[in-house]
1. Explain nothing, just compute: Karplus ³J(HN,Hα) = 6.51 cos²θ - 1.76 cosθ + 1.60, θ = phi - 60°, for every residue of segment 142-157 in order, whole Hz, x for Gly and Pro.
2. Order of LYS123, LYS156 from fewest to most other C-beta atoms within 10 Å?
3. Could you give the length gained on full extension between GLU16 and SER36, defined as 0.36 nm per residue of separation minus the Cα-Cα distance, in nm?
4. Can you pull out the GluC sites (Glu not before Pro) in segment 74-157 that DSSP calls coil and that have at most 16 other Cβ atoms within 10 Å?
5. Could you put ASP64, ASP84 in order, starting from the residue whose Cβ has the fewest other Cβ atoms within 10 Å?
6. So, R0 is 25 Å and r is the distance between the beta-carbons of VAL142 and ASP44; what FRET efficiency does that work out to, to 0.05?
7. So between GLU66 and LYS156, what do we pick up on full extension, going 0.36 nm a residue minus the alpha carbon distance?
8. If you line up the long axis of helix 2-20 against the longest principal axis of the chain, both from Cα atoms, how many degrees apart are they, to the nearest 10?
Amino acid sequence: MIGSGLQQRVELLLKEAFEKRPDLFPISLKVGSDQSIRIIIDGDNGVSLQDCMEISRAVEHQLDREEFDFSLEVSSAGATAPLDLPRQYHKHLGRILEVKTEALEVKGTLESVGAHEIVLSWKAREPKPIGKGKHTVRKEEVIPFSEIEKAKVVLKF
């Protein structure tokens, strides 16, 4: 039962911290049976070490170690982490994403982010409608958030 009390307390503290920093938002919160707290955050403009420290302090300084013997870890979602929330897509406009739905798997440039969907575009080689050979065509796909099973940014090195 202690774990659930700790979870509720941490959720409340996070809510207050994110109200003070509307550019940041939570991705996940896990409170283990050993009272370990793991928080993953993201931000509209990315996440700095300072941002993680600020959220960590907002939680840690409000919890009583006499009441909860906890450990706390706050980290950013990371460059290779899947995009879980619609809000995460906006900062990746113009970047290449790999998106998987039940019906398709596509890699393309994120052209736009709407309230309920994203638009990806890419170039493909297809047979010419008349004559022999192939030509390059621009493809575009509108993908509703509700259909996205997995999406991640393709990193170029």
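1. 8, 10, x, 3, 5, 9, 6, 8, 7, 9, 8, 7, 8, 8, 9, 10
2. Values: LYS123 10, LYS156 6.
Final ranking by Cβ density, sparse to dense: LYS156, LYS123.
3. On the way: separation 20, 0.36 × 20 = 7.20 nm, distance 2.03 nm.
Taking 0.36 nm per residue and subtracting the Cα distance, the gain is 5.2 nm.
4. Filter output for segment 74-157: GLU102.
5. Numbers: ASP64 8, ASP84 15.
Fewest-to-most Cβ neighbours within 10 Å comes out as ASP64, ASP84.
6. Values: r = 23 Å, r/R0 = 0.92.
After rounding, the FRET efficiency stands at 0.60.
7. Working: separation 90, 0.36 × 90 = 32.40 nm, distance 4.78 nm.
So the extension gain works out to 27.6 nm.
8. With both axes taken from Cα atoms, the answer is about 60 degrees.
The numbers here are math on the coordinates, done by the rules we state, and not lab data. Everything quoted here is computed from the prediction, not taken from an experiment. So basically every Cβ, Gly included, is an ideal-geometry build from the backbone, and we count neighbours across all protein chains shown.
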